Every structure is written in structure tokens, then in C-alpha cells.
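Before any comments, here is the structure.
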Amino acid sequence: MERLTERMPGTTLAYPICDGAFTKLLSPIFTITNGLFLSQLSELTGAESSAIQNWVKREFVSRPAGKKYTPRQTARIVLINALRTCMQIDKIVLLLRYVNGSLTDERDDIIDDSELYDYFCTVIYSAGKSLRCDDGFLRETITETVRRYSPPVSDGKTRLEKALLIMSKSYIAGYLKKDAEIMLESI
């Protein structure tokens, strides 16, 4: 069983960094390529192309322009992919809408999806590194992680912290369930 911090959540990439994982690792790629094609996105996430196309069709992600996915769209897809092993897709959509309203209209977003993903990775990395995932630790880590976040709406920080707590607990629970299943198979 791979460690909680072995791969960046929702990707096939090794976890090279914790703070700003998406921004530091993937942003340079977008600078060079001006977006990712579906096949590249599928390789990055390990998700089937048909699954990603279905998320676009169901308007969980806006349509790519010129067949290329932007950093925001990529971050949304990576978030969905990270959470789909531990949450039902309709619950993931509910959670993302809680944070950013309409999933196809960025004008009502309280946070860019790539920044949300960075925060999520930071929390997961901290939990895995310290081998702690209790409620108090996660809340403290989230509070510290979003300390500098300045929301465009009055309840933005509260919504963000709550969403990150739900995402983190779900992701960690999925990891623990998978680990328990592996242990059970060895009995």
C-alpha cells in the first residue's frame, strides 16, 4: 500500500512538494503548452478519457476551448478524481458548488480551483507526514493553511475551511479503507 503522501491526490504524480503543489508543479506546464489535451489530462490523473468527458458533459467542468483544458479546469478534474474514490460524484459536485457556486461559471467563485487544490494537498501532506488525521489536527492545519486567504465574500473563509475539512476527512477515510481492505486480504 502506498503512503498517503506518495502521490499528489487525484494524479499519477509523485508528491514532490506540499505547499503550492499544483501551482509549483503544473503551472509551468501550462505556460509552455497553453493547456492540456484530454489524453494528457487522462495520463496525469489516471482517469479514463470517457470519465473526464462525462464530467464535462454533465457540466461539472466547463468545456475546453480548442480541445485544451486550462489550469482551472485541470485542477477541478484533479479534485473530482481525488475525491471520487471516497465520495459519490453527486456529493463531490455538491461540495464544489458549496465552495464556488455554479461549476461552469467562474464569476461566482470564491477561490480558484488550482488554489483550492493546493490547499487540499497541503492538508493531506501534513496529515500523512505527521501520521495524524484527527479532527483537531485537521482543523488546525486547515486554519493555518488558509491563514492568508482573503475571501471575496463574508462567509468565504468559513465555507472554504468547512469544504477542506470534508474533503480531507473523506480522502483520508478512503485511504484508510483501502489500506484495511489490503490487510484483510492477507488474513
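Numbers for the structure displayed
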{"item": "Contour minus Cα-Cα distance for residue 162 and residue 40 (0.36 nm per residue)", "result": "40.8 nm"}
{"item": "Cross-link reach list, lysines versus residue 91, counting only Cα pairs under 17 Å and skipping chain neighbours closer than eight places", "result": "162, 169"}
{"item": "Cα convex hull volume per residue for the range 1-142 (Å³)", "result": "115 Å³"}
{"item": "Fraction of accessible area attributable to carbon and sulfur, the chain (%, probe 1.4 Å)", "result": "52 percent"}
{"item": "Dipole of the chain, positive end: most advanced residue of 154, 86, 56 [Cβ charges, Cα centre]", "result": "56"}
{"item": "Lys, Arg +1 and Asp, Glu -1 on Cβ, resulting dipole of the chain about Cα centre, debye, nearest 20", "result": "240 debye"}
{"item": "Fully extended contour minus Cα-Cα distance, from residue 148 to residue 173, at 0.36 nm per residue", "result": "6.2 nm"}
{"item": "Coil-residue trypsin sites (Lys or Arg not before Pro) of the range 114-187, DSSP, other Cβ within 10 Å capped at 15", "result": "132, 147, 148"}
{"item": "Compactness of the range 56-134, expressed as Rg and Dmax over alpha-carbon positions, Å", "result": "13.4, 44"}
{"item": "10 Å beta-carbon shell around residue 99, net charge (K/R +1, D/E -1)", "result": "+1"}
{"item": "Mean separation of Cα contacts under 8 Å, 6 or more apart, over the residue count of the range 120-184: relative contact order %", "result": "37 percent"}
{"item": "Local electrostatic count at residue 35 - Lys and Arg +1, Asp and Glu -1, tallied over other residues with Cβ under 12 Å", "result": "+3"}
{"item": "Charge context of residue 185, other residues only, Cβ under 12 angstrom, K/R +1, D/E -1", "result": "-1"}
{"item": "Simple label model, 7 Å out from Cα along Cβ direction - residue 137 to residue 54, nm", "result": "3.4 nm"}
{"item": "Cα lying deepest toward the dipole's positive end in the chain, options 174, 9, 46, charges on Cβ", "result": "46"}
{"item": "Solvent-accessible area per residue for the chain (1.4 angstrom probe, square angstrom)", "result": "53 Å²"}
{"item": "Amide proton proximity set for residue 7, modelled H, under 5 Å, gap of 5+", "result": "15"}
{"item": "Positive-pole candidate from 75, 95, 137, dipole of the range 56-172, charges at beta carbon", "result": "75"}
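The values are calculated or read from the model by the stated rules, or taken from the named source; none is laboratory data. Quick caveat, the model's predicted, so the values are computed rather than measured. FYI the Cβ positions are ideal-geometry reconstructions off the backbone, even for glycines, and counts take in every protein chain you see. Side chains included, ligands, DNA and RNA excluded: accessible areas come from the protein's heavy atoms. Shrake-Rupley method; radii C 1.70, N 1.55, O 1.52, S 1.80 Å.
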